[in-house]
Amino acid sequence: METVTPHHFMVLSSLLFGIGFLGVVIRRNLLVLLMSLELMLNGINVALVAFSRSGSNLDGSLFVFFIMTVAAAEVAVGLALLVALYKKRKSIFSEDINLLGN
Amino acid sequence: MLDQILLLGSIAVPLAVSLSFFAGWVRDDEWVVKLACLGFGFPCVAGILLFIKFDGTVDGYCFEILYEKMGLQELGITFHLGLNGVSSPLFAMAGIVGLAAGLAAVFSGAKRLKLYLALLCFMQSGLMGLFASVDLFFYYLFHEFALIPTFIMIGLWGGRNRRGIALEITIYLTLGALVSLGGLVALNVMVDAPKFDFPTLSQALSDIALHDSTQAKIFGLLLLGFGILVALFPFHTWAPRGYEAAPTPVSMLHAGVLKKFGLYGLIQIGAPLLPEGALFWSPWLLWLALGNVLFVGMVTIAQGNLKSMVGYGSVMHMGYCFLGIGVCSSLGAGSAVMLMAAHGLSVSLMFLLSASIQRRSGTYEMGQMGGMAGKTPILACFFVAASLATIGLPGFGNFWGEFGVFLSLGEQPSHRIFLGLAALGIILSAVFGLRAVARIFFGPQSEELTAHENKNPIRDLGLTEALPAGLILAALLLLGLWPRGISDRINKEITDRYAKVDHATLSLFLPPCCPVPQGGEESNQTTPLQVSPPVVLEPEER
Amino acid sequence: MILGLELFGMKDSSSGRTGVIAIFFQSVLFVGHLLDYLFWHHSAALNFFSDMISQGLQAEVMRSFFLLSSLLVSIIGHRYLCRKGLKSGEFHHLTMLATAGLMLLCQSNHFLMLFVALETVALCFYTLVAYNRDSAKSLEAGIKYLIFGALSSALLLFGIVLLYGVGANPEAWGASYPGHEFMDPLSFQYLGNLMSENPDNLMLRAGVVLILAGIAFKVGAAPFQIWVPDVYHGSPLPITAFLGVSSKAAGFFVLLNLVNGPFEGMSEFLLPLLGFVATFTIFFGNLAACAQRNVKRMLGLSGVAHAGYLLVAVMASMQFAGDDDRAIWVLFFYLFVYLLASFCVFGVMGLADLPDENEHEFSHYEDLAKKSPWAGFVLVSGIASLAGIPPFAGFIAKLLLISVAYEAKLYLSLTAMVIGVVISIYYYFGWMRAIALPRPASFEDVEDAPDPWAGLSKTGFMKVVLVLLTVASIVLGFWQGPFGDVF
């Protein structure tokens, strides 16, 4: 069995990032959209940890904590907005949120 | 010192009047009229005084004002005012036309007169500054002063379709201005001179001339930009419609003065600094100018509306100026300057009189007028004089300009075809000019006119209208009967500037075995009235 | 020093008095900073936090910029909040926090710092855009901004990670490897060395492109400008102004730092890319703005066009040699002029009393010049400055931009810029036409909508501020004093 090299982590991270990206672009349920955003950020985290380990450099791992914190804050704001929006428009699907626009 | 005050004042006084109107410090209607007269009168008087005082034998600029700390010194921009041989007649002309336009506006009885006069004064200060600038950047800046006032004035006080035309004219003017700005910036960057004004640039270029292809590119940009601004042939469509929709004083200032911006730029900056570039574009320019003369001339004949006829006619006459520039000789350029000054006066006179006619007959359509000579003899007199001036009859200033242009066309054998075709233009302008006179003043009176007359009796030209018209007509007659008054001042300046261009032209057109004579000798002591001896036929030069 | 002061922007009370206190505090801060900048010339670049923050001359200028911007936003915001009856405590708190974040962003010298500051700013903005919780449009704008913003942050982050990946790998470095103890692969200086060594590394290139994509979102450059019209439309007016000025300025300053710092080794690769983006942005922004009926959307898209012009300035800065930072000062001048003009425009827009305050149409501005001449004059000069008409400062800014771009031989982008400016005349003057010229007689019976400008008499302080801005715009059009000396 071959060893797990950083390349594998890179592939995993790109996959996660790609799935998340597709999720943001395609999904209509805003909650799932927010989850896809989180997925992207976590993919990035994986890559960071992998590079940090392979290069024996602690900066990457440090960065991961910052990213996690920021992601948490972002999701807090996002969920708050979603709740307020739901109270107003009674829906969390993106096609119902169409007041703006020409 | 007094001269500098006059020069600076001719820009500052209208600006101050305009700003005081904007800020609302002037409430009284009487004071509005008085201040407006001051705002227009001061530049006129200053222009004429400075023109008379201008010494045609001095090298370079007179009455200079220089202020360096404007903040953009690194780009070479300073506040440098002055008059030279080419700009002083145009400066005086701008003052005279401005006064006439201002008086026309004051007596026109328009609503919101204060705003109208404020915008017009603002435009006037820009026009005076335009011709007084030595620094190229301020030359451009002052021209742009006219942009917003034109937009607002056409939109508020214009004729039919004014909102659309206002936007369209602004877009065209901005396009032309930006392209020419590109050319000016290119010039600034390519010539690494400490200051961005003409004497410094010509000094720097005489030390290190630019490469031919660079010159051609820069001159091409300038030509395109200025051409759009001056309504050169394919880009002329905005001008007549704009003049038709604009109120009369605005048309006067635009067609009479503002249009000369591009031509002035080409003569002052383009050809002297970029002689090879000018030569490269010369055939193009000549053909397009011919398009102006012939094509637009024929369109003018087809016009039934007096104001649009005058508008198209002014575009047509710009063709002559372009021909004079396109020939790339000092004779051509000098005649173009004379024609510019005279044309500015004559076209504004035509617009003024058209407005008077419209006030009396209620319409601009010439088919609905007729036989007015009996009722308004003085107006008829003025109008006939103006038409004859536009056509280019001797006795008025336009004749000398057009004659000089034809002479310059005749100098080179390759240009003789242009001479022939341009002479046709005279016939065209005679056709529409005299036909207008005939239709409006002579012949049977039309029913519409009779119907209108029963409601508003037609009176002859009153003092308020005759005053500006008389002023311009006097200037035209003066130019026509004593052309040396203007040509002396233009002469030395053009000769000095065009020394390089003449050299380049002659070296282009001479057969290779003939040595090229030195630049200054041929026309140093002659006025543009004398024909310079055709060099190609003198075998003694060998 | 001053760096710590801005962190005192934490106020939690929610009474109406907060507005006045906030304005006072910010003006003190701004004046203090300006004095500090002008009188104690910090010439050397100081580095703090183990090289994560650098405080050089350019950063000082940008900090004054952000302080001024947030001061003006607070002034406009105060009036807006009083009218809407919203709680003002969090508003000022968040704007000051966002400003603090922006200032840190401009001083960051390390990708970690960059990311943290960027996210701080972004989070504040997400909340601010959705501040008006009663308006569905505001919330919708907020969620759209959040989604797009988070997406772009993720892209940016992935780019940073790719750079880190190469940087943490000792073999990739080559000659400039600084040694194991000193290595800080996310710092700008080290990355700069790495990239000059290996400009062709695919991963590095991908990382750079992704980072630029993230920045292009903040700035509103194509193809990431889809959010701009919607978010500008829905957000409250003072926040639209804040977004349009500060967020854009920060994005550009960061871009400038990046392309002239770490990414300098990649200039040959980046220049055509940026050129393409700039041209596309200019054309898209101008053409789309022509089609807009709603004024806020039009302003957003015109902002996109301005972003395109600024990108040309950034490209020019890449072309000049290291010490010659003319293009950078042109960028600063343009941003300052843009600030003055935008706040003139948004300030007057804020004075209108419309039933639905997001729907500013051209028709609401009909005849403004007659109803309230000074407001009309301020608005007209703001628009003219944005359009680049002499004698306003916007013309000088465009002139400087044209000459710098010409010197940097960016002819194609220059042509695009000129065409863009001409197209922009259409919509700017279309608005001016509505303001200055009276409405043509319409045929149908339009019921008289309540005049949005009826209550203009009670606007003393705003009047002073707006007139000051306009005067500054016009004066800068003639005399550029201290900016010119820097050339």
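Summary of computed values
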| read-out | value |
| --- | --- |
| For A:45-51, mean number of other protein chain Cβ atoms within 10 Å | 4 |
| C:LYS371-C:VAL475 FRET efficiency (beta carbon distance; Förster radius 25 Å; 0.05 resolution) | 0.40 |
| Net charge of neighbours whose Cβ lies under 13 Å from the Cβ of C:LEU271, counting Lys and Arg as +1 and Asp and Glu as -1 | -1 |
| Computed [θ] at 222 nm, helices only, for chain B once each DSSP H run of length n ≥ 4 contributes -39500 (n - 2.57) | -22500 deg cm²/dmol |
| Estimated 222 nm signal from helices in chain A, with DSSP H stretches of n ≥ 4 weighted -39500 (n - 2.57), rounded to 500 | -27000 deg cm²/dmol |
| Point-to-point label distance, B:GLU64-A:ASN98, nm (Cα→Cβ direction, 7 Å offset) | 7.0 nm |
| Chain B: angle of helix B:113-132 to the longest principal axis, Cα-based, in degrees nearest 10 | 20 degrees |
| Residue-count net charge about C:ALA416 - beta-carbon cut-off 15 Å; Lys, Arg +1, Asp, Glu -1 | +2 |
| Percent of C-alpha pairs per 20 Å bin, chain B, short to long | 23, 58, 18, 1 |
| Given B:LYS307/C:LYS371; C:LYS296/C:LYS463; C:LYS84/C:LYS248; B:LYS307/B:LYS375; B:LYS217/B:LYS492, the pairs whose alpha carbons are separated by over 24 Å | B:LYS307/C:LYS371; C:LYS84/C:LYS248; B:LYS217/B:LYS492 |
| Zone residues, segment B:340-366, relative to B:ALA451, backbone N less than 16 Å from point 7 Å out along Cα-to-Cβ | B:361-366 |
| Cleavage-rule hits, trypsin sites (Lys or Arg not before Pro), segment C:211-297, DSSP coil, Cβ neighbours within 10 Å at most 16 | C:ARG293 |
| Estimated distance in nm for a label pair at B:LYS111 and B:LEU49, the labels positioned 7 Å out from Cα along Cα-to-Cβ | 4.0 nm |
| Neighbouring partner chain Cβ atoms per residue of A:63-70, average, 10 Å criterion | 4 |
| Residue among B:GLY344, B:ASN292, B:LEU434 farthest towards the positive dipole end of chain B, charges placed on Cβ | B:LEU434 |
| Nearest-0.05 FRET efficiency for B:GLU365 and A:LEU12, computed from C-beta distance (R0 51 Å) | 0.05 |
| Cα-centre dipole for segment B:2-526 with unit charges at Cβ (Lys and Arg positive, Asp and Glu negative), debye to 20 | 1640 debye |
| Gain upon complete extension [B:LEU481, B:ALA23; 0.36 nm per residue less C-alpha separation] | 160.4 nm |
| Computed over segment A:1-47: relative contact order in percent, which uses C-alpha pairs under 8 Å that are six or more apart | 48 percent |
| Highest to lowest packing among C:204-213, B:435-444, scored as the average C-beta count within 10 Å | C:204-213, B:435-444 |
| List C:ASP200, B:ASP460, ordered by accessible area with a 1.4 Å probe, largest first | C:ASP200, B:ASP460 |
| Other protein chain Cβ atoms within 10 Å, averaged over every residue that makes up B:177-188 | 4 |
| Neighbourhood net charge (10 Å Cβ-Cβ; Lys/Arg +1, Asp/Glu -1) for C:ALA316 | +1 |
| Spacing of the two label points (7 Å from each Cα toward its C-beta) at C:LYS84 and A:ALA73, in nm | 2.2 nm |
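The values are calculated or read from the model by the stated rules, or taken from the named source; none is laboratory data. Model, not experiment: these values are computed from the prediction. Virtual Cβ from ideal backbone geometry, glycine too; neighbours counted across all protein chains shown. Just the protein is used for accessible areas: all its heavy atoms, side chains included, with ligands, DNA and RNA removed. Shrake-Rupley method; radii C 1.70, N 1.55, O 1.52, S 1.80 Å.
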